[in-house]
Amino acid sequence: MTLRLYNTMTREVGDFVPLTPGRVSLYTCGPTIWNFAHIGNFRTFLFEDLLRRWLEASGFDVFHIMNLTDVDDRTIQAALKAGVTLREHVEPYAQAFFADRDYLRIRSAHAYPRATQFIAPMISLVESLLAKGVAYRGDDGSVYFAIARFPEYGRLSQLDQRELRSGASGRVSSDEYAKEDARDFVLWKAAQPDDEAVGAAWDAPFGRGRPGWHLECSAMALDLVREKWGEDVLDIHCGAVDLIFPHHEDEIAQSCAHTGKPDFARVWMHAEFLNVRGTKMSKRFGNYTTARDLQEDGTDAAALRLFFFQTHYRQKLDLNDESLGAATSALRRLGDFAARLATGPGTVSGAVGEGATAELEGAAKQLREQFAAGLDDDLNAPRALAALFDFVTAGNRALDRGAAACAPARDAFDWATGILDILPTAREADAGLATWVEERIQARKAARQARNFAEADAIRDELAAKGVTLEDGPGGTKWRAG
RNA sequence: GGCGCCGUAGCCAAGUGGUAAGGCAGAGGUCUGCAAAACCUCUAUUCGUGAGUUCGAUUCUCACCGGCGCCUCCA
């Protein structure tokens, strides 16, 4: 089986071949830490988390970099408004992002570079581009990249096939007069009073100022990958679809003009948006939910992961009132099965049990194959999940028939659920509640033995009122809260 | 206006040139004192509409309808 990935550059799914066999440099555009990230942002980060995990599960040594954008219009304006320095404003949001990341079980990247920590490499990059003649100093003191001098410009977004309508997005700022061409983008912005006020200006040979947004990714990625492996091309570069143009297009222009290499990244992958009733989730539209909102509502992070993974990453996904609830129900099914597999008998004697155990082992083998086939196919998590649920059904059936919860089944299930990381979060049971529930269960047991079912049902109702569900099984009565 | 994506059961969502995975919800059954969980069965003759290519299309082509995204600092 070979991993195949969709490459935005070629608009095709192809075999993934890293620059150097066995290892992968993965650069993922991170959040701008001017505020809390919303779960639309996290859809992309969760997709990248799965990519990272699957690459590692496939045997690659992955070097994962995620930048944190700490200098841009939004961070500066927010700091200004709050009356603090850029650094002071941004730090709590960086910490909040890490906390959200941990809550959502996203594996930590190996590096979280911030633009302000890489001023020197960015200045070098600008100097290189100036020396090569693809950048110029505008009348306003800013440094711009001259698109006209980089013929390859537009390959990623197929710009050659389209007509740019300036201002069509309605998000264009006004100070565009200093550029030679309206499409040129800024590499280094001449310092403004607002920048100075929050400590967001640095001296450079070509004038005091601050880095443009696109510059940071090129400079940090090249710097870190060179330091790590001595390379100047990334294996995979990810982001959400809105970054294809202009962000990634501009990164390519800067980086390739500098390195002289045909590619900045060998594979470009982009996640689709999370929509809310048809419109993309966005701070601008006010239709957003943050990770901490979900956490406060008691949403299991695993349910959100499951919800996201049930839709392919290149497909728009709509969040509505029912979607998370449905994922929570599905999660419970997985959790119940996990518990059953973990506590079930390890060995069973007798022909019936043995036949069923063989069946369970067969299902486990199929799980491994189907799950891998799904993820190998451009990270088709919905297919992988279908394989997982097929295994749950087959597993329950086999266990019902007396199968032993054998090691091959446990290992395959742990492997698959571990890669997706979608088992319910183990909850710290409230000690007082547990004691009370156990006491009530004993009382009910006594009532049942006395065949006083009215009393037994009353106790069950009493527990249900507290959100406790009972399950009578051969091994006694089990209970579940919430 | 340019470029691109999407439209599959009540809801969410895979998918293939040869006749529709999975999840949620729902119905019936087995088990149970009754439940819960689990298991079994059922729930799209059909994949936005129309036409075309083909022995055959949900899957390819065209048109149309509907939704969405990007078009210079939005994950």
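Annotations
- Overall Cα dimensions of the range A:326-420 - principal axes, largest extent first, Å: 43, 26, 17
- Point-to-point label distance, A:Arg332-A:Asp181, nm (Cα→Cβ direction, 7 Å offset): 5.9
- With DNA, RNA and ligands ignored, accessible area of A:Arg105 (1.4 Å probe; Å², nearest 10): 50
- Treating each Cα of the range A:431-481 as one equal point scatterer and applying the Debye formula with no solvent, the log10 of I(q)/I(0) at q = 0.19, 0.23, 0.27, 0.29 Å⁻¹ comes out as -0.56, -0.83, -1.11, -1.24.
- A 1.4 Å probe run over the protein chains yields, for the range A:431-481, 65 Å² of accessible area per residue, whole-number rounding.
- Rounded to the nearest 0.05, the FRET efficiency derived from the C-beta distance between A:Thr435 and A:Asp61 at R0 = 41 Å is 0.25.
- Label-point separation in nm, A:Arg107 to A:Arg226, each point 7 Å along Cα→Cβ: 2.8
- Peptides A:372-378, A:450-456 ranked from most to least packed by the mean count of surrounding Cβ atoms within 10 Å: A:372-378, A:450-456.
- Once you reduce the range A:301-371 and the range A:81-124 to the center of their Cα atoms, the two points are 36 Å from each other.
- For A:Arg444, neighbours were defined as the other residues whose beta-carbon sits under 12 Å from its Cβ, and their charges (Lys and Arg +1, Asp and Glu -1) total -3.
- FRET efficiency, 1/(1 + (r/R0)^6) with R0 56 Å, evaluated for A:Ala446 and A:Gln315 via beta carbons: 0.55
- Segment A:Phe285-A:Glu152, extension gain: residue separation times 0.36 nm, minus the distance between their alpha carbons: 44.4 nm
- Kirkwood hydrodynamic radius (C-alpha pairs) into Stokes-Einstein, chain A, 25 °C and 0.890 mPa s, D in µm²/s: 97
- Taking every DSSP bridge with both residues inside chain A, close to 50 percent are antiparallel.
- When the alpha carbon coordinates of the range A:290-350 are projected onto the principal axes, the ranges are 51, 29, 16 Å, largest first.
- Peptide ranges A:228-239, A:50-61, A:249-260 listed from the most packed, as the mean C-beta count within 10 angstrom indicates: A:249-260, A:228-239, A:50-61
- Taking a ≥ b ≥ c as the square roots of the Cα gyration tensor eigenvalues, the range A:55-98 comes out prolate, since a/c reaches at least 1.5 and a/b is larger than b/c.
- Label zone at A:Ala131, where the point sits 7 Å out along the Cα-to-Cβ direction: the range A:185-200 residues whose backbone N lies under 19 Å: A:187-188
- Sequence of A:Trp188, A:Trp479 from largest to smallest accessible area, 1.4 Å probe: A:Trp479, A:Trp188
The values are calculated or read from the model by the stated rules, or taken from the named source; none is laboratory data. As the structure is a computational prediction, the values presented were derived from the model and not from experiment. Here Cβ is always computed from backbone atoms with ideal geometry, including for glycine, and neighbour counts include all displayed protein chains. Remember, those area values only see protein heavy atoms, side chains included, never the ligands or the DNA or RNA. Shrake-Rupley method; radii C 1.70, N 1.55, O 1.52, S 1.80 Å.
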